[in-house]
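Worksheet: one structure, shown below.
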Amino acid sequence: MMRSLFAGVSGLRTHQTKMDVIGNNIANVNTVGFKSQSVTFQELLYETTQSASGPNGDTGRGGTNAKQIGLGVTQGAINTAITTQGASQTTGNPFDIRISGENFFIVNDGSSNFFTRAGAFTVDSVGNLVMTTNGYKVMGWQPDPVDPTIVKQDTVSPIRITTPENLSVPPSPTTYAMASGIIDKHNKSLNAQGGASYNLNFYDNLGYAYAAKFSIEIKDADLGQYTITLKDIMNSEGDSIVPEGSDITDLVDFGTDGRSDLQYDKDKGFFINVNGTHEEIDVNGNPIQVNNLTTMMHFKTPAEGFQYANGADLGHFSDVEIDFSTTNNYDNSGTSTFGMDAGDAEGNFAGKQMGNMTGVSITTSGMIYGTYDNGDKKLLGQIATASFANAAGLAKVGENLYEETLNSGVFDGIGVDVTADGGSMSTGVLEMSNVDLSSEFTEMITTQRGFQANSRIITTSDTMLEELVNLKR
């Protein structure tokens, strides 16, 4: 039989393989995270009918080349354009995530890890972050048990978002407050009977809200001295927790920083010079200026037999340090701007009630945070990624998944931060297929013509064989 006949058959088979790859590319033109493939051909075999010979000095004859007849074509390689980024599709879904760079998401089917570029995720009924297509769990790192504001980069484990422990955050008590602003001695409220009233809102250890009601009266306007007195403590319903007829000083005592102008007793109240600074004498007898005025409002255990009103339990209260260092006594056209607010200047230590989860956000590094209605923000974990020395060596296993091979490099079980390689994550966006239709259609034309040409080899060879058979006639 003629060699050309078999060469033509190999050409048909190889071009059919190439057409299969092209067809798969076009079929997956809208598949999330799909990476297109291409076929490289190579020569099949050669039959050597005469070997090459070298020049012969004795005979004076020159050398001759080998005589070889090719036996067809075969596929050399099927390459995946795995490092070529696909286009972006905006979805608005916060759990749709796109990786820029060459890393892969790590997912697990319950026993084995796989790798994918398809970031279409969702949260299942028990709070796991999973692939929407097959339910494989997205892997990452958990918050560090010692410092929950950072993650512990260890062996990857499933990322859980809406678990019972993540759906809420505990309350915290108020431990610091600032009394600040201007007190103007000409303010009419200060001169009224009982003085001006101010409330300090705070939380106990269980997140219950209370208000400490203070009054400020002029003690000595010329010296800038005022009496600050705690009048009452009320719950969130506006009801006093101090039983009628009880002495409020049985509930609260005021510690001071030892300065002479910071004094409190049950009869005189709490005295403070609100001139911004006051003089003290140092160890050498020289006057110094001090403006760090603070006091402590401490909820103590009252004397035996004291009954709380309206369900209050002061055993859940914490010390509240009140800072008066930014209170000043200035002429402000009769207007006082004094106020008392929980927390420091940055809002820390203000306390808060229990918070319920209201949303989830994912940063460019894959850090997942829960947001809560009390203003808290909690780290829930971080999505880890895998990086390979030869990503093109990964094997496709279907369902937008890859697995490692001997030529791809080995996943170490821990992974890397996506930003370590200059990549990032974007939420509400998916990476689409990187199939280039114009290129695929061009390849399809050349493949069709190649297939057609190889079919002509077979028909022509058949005609030649027919002529050979007809010689017998």
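Remarks
- Among the numbered conditions (1) in contact (Cβ under 8 Å) with a residue 24 or more places away in the chain; (2) within 18 Å of residue 385 (Cβ to Cβ); (3) surrounded by fewer than 18 Cβ atoms within 10 Å (Cβ to Cβ); (4) in contact with an Asp or Glu (Cβ under 9 Å, 6 or more places away or on another chain), the only one that residue 154 does not meet is (4).
- Scan of segment 135-158 for residues that are within 11 Å of residue 122 (Cα to Cα) and not aliphatic (A, V, I, L, M), ordered by number: 135, 136, 137
- Unique residue being at pLDDT below 85, surrounded by 15 or more Cβ atoms within 10 Å (Cβ to Cβ) and assigned to a loop (DSSP other than H, G, I, E, B) when the list is 318, 336: 318
- Test set (1) over 30 Å from residue 96 (Cβ atoms); (2) outside any strand (DSSP E or B); (3) within 60 Å of the chain's Cα centre (by Cα) - residue 33 fails condition number: (1)
- Top-ranked residue in segment 143-180 [being of a type in the set (A, V, I, L, M, F, W, C) and not in a loop (DSSP other than H, G, I, E, B); ranked as farthest from residue 130 (Cα to Cα)]: 179
- Only a single criterion out of (1) of a type outside the set (Val, Ile, Thr); (2) under 53 Å from the mean Cα position of the chain (by Cα); (3) surrounded by 13 or more Cβ atoms within 10 Å (Cβ to Cβ) is not satisfied by residue 43, namely (3).
- Evaluated against (1) assigned to a loop (DSSP other than H, G, I, E, B); (2) within 24 Å of residue 373 (Cα to Cα); (3) assigned by TED's automatic domain parsing to the domain that holds residue 322; (4) not charged (D, E, K, R), residue 186 falls short on exactly one condition, (2).
- Residue 6 being more than 53 Å from the chain's Cα centre (by Cα) and either of a type in the set (Phe, Trp, Tyr) or in a loop (DSSP other than H, G, I, E, B) (or both): yes
- When 430, 437, 401, 394 are checked against the criterion of being modelled with pLDDT of 95 or more, of a type outside the set (S, T, N, Q) and touching an Asp or Glu at 6+ places or on another chain (Cβ under 6 Å), 430 stands alone in meeting it.
One line per residue, one yes/no per condition, for (1) in contact with a strand residue (DSSP E or B) (Cβ under 7 Å, 6 or more places away or on another chain); (2) in a loop (DSSP other than H, G, I, E, B); (3) in contact (Cβ under 8 Å) with a residue 24 or more places away in the chain; (4) surrounded by fewer than 11 Cβ atoms within 10 Å (Cβ to Cβ):
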| residue | (1), (2), (3), (4) |
| --- | --- |
| 39 | yes, no, yes, no |
| 59 | no, yes, no, yes |
| 68 | yes, no, no, no |
| 74 | yes, no, yes, no |
| 78 | yes, no, yes, no |
| 86 | yes, yes, yes, no |
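- No other residue among 86, 23 is touching an Asp or Glu at 6+ places or on another chain (Cβ under 6 Å), of a type outside the set (Val, Ile, Thr) and modelled with pLDDT of 90 or more apart from 86.
- Qualifying residue in segment 294-310 (condition: in contact with a Phe, Trp or Tyr (Cβ under 8 Å, 6 or more places away or on another chain), at pLDDT below 80 and more than 25 Å from residue 170 (Cα to Cα)): yes
- Check on residue 138, in contact (Cβ under 8 Å) with a residue 24 or more places away in the chain and either surrounded by fewer than 18 Cβ atoms within 10 Å (Cβ to Cβ) or of a type in the set (A, V, I, L, M, F, W, C) (or both): yes
- Positions within segment 101-131 being within 25 Å of residue 390 (Cα to Cα) and among the hydroxyl-bearing types (Ser, Thr, Tyr), in sequence order: 111, 112, 116
Residues checked against (1) part of a strand (DSSP E or B); (2) hydrophobic (A, V, I, L, M, F, W, C); (3) modelled with pLDDT under 75:
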| position | (1), (2), (3) |
| --- | --- |
| 215 | yes, no, no |
| 218 | yes, yes, no |
| 222 | no, no, yes |
| 229 | yes, no, no |
| 233 | yes, yes, no |
| 237 | no, no, no |
| 242 | no, yes, no |
| 259 | no, no, yes |
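- Residue list for segment 191-200, restricted to those being touching a Ser or Thr at 6+ places or on another chain (Cβ under 7 Å) and at pLDDT below 85: 194
- Any chance residue 204 is free of Cβ contacts under 8 Å to residues at least 24 places away in the same chain and not hydrophobic (A, V, I, L, M, F, W, C): no
- Scanning segment 87-108 for residues that are touching a Lys or Arg at 6+ places or on another chain (Cβ under 8 Å) and over 23 Å from residue 158 (Cβ atoms) yields a total of 1.
- Residues in segment 365-396 that are outside any strand (DSSP E or B), closer than 30 Å to residue 168 by Cα and either touching a helix residue (DSSP H, G or I) at 6+ places or on another chain (Cβ under 6 Å) or not small (Gly, Ala, Ser) (or both): 365, 366, 373, 374, 376.
- Test: residue 203 is among the aromatic types (Phe, Trp, Tyr), over 18 Å from residue 347 (Cα atoms) and either at pLDDT 90 or above or assigned by TED's automatic domain parsing to the domain that holds residue 116 (or both): no
- Among the conditions (1) β-branched (Val, Ile, Thr); (2) surrounded by 12 or more Cβ atoms within 10 Å (Cβ to Cβ); (3) farther than 30 Å from residue 104 by Cα, residue 32 misses just one, which is (3).
- Applying the condition of being among the aliphatic types (A, V, I, L, M) and crowded, with 19+ Cβ neighbours inside 10 Å to segment 157-181 and asking which residue is farthest from the chain's Cα centre (by Cα) yields 179.
The values are calculated or read from the model by the stated rules, or taken from the named source; none is laboratory data. Keep in mind it's a predicted model, so treat the numbers as computed, not measured. Counting neighbours? That spans all protein chains shown, and the Cβs are built from the backbone with ideal geometry, glycine included.
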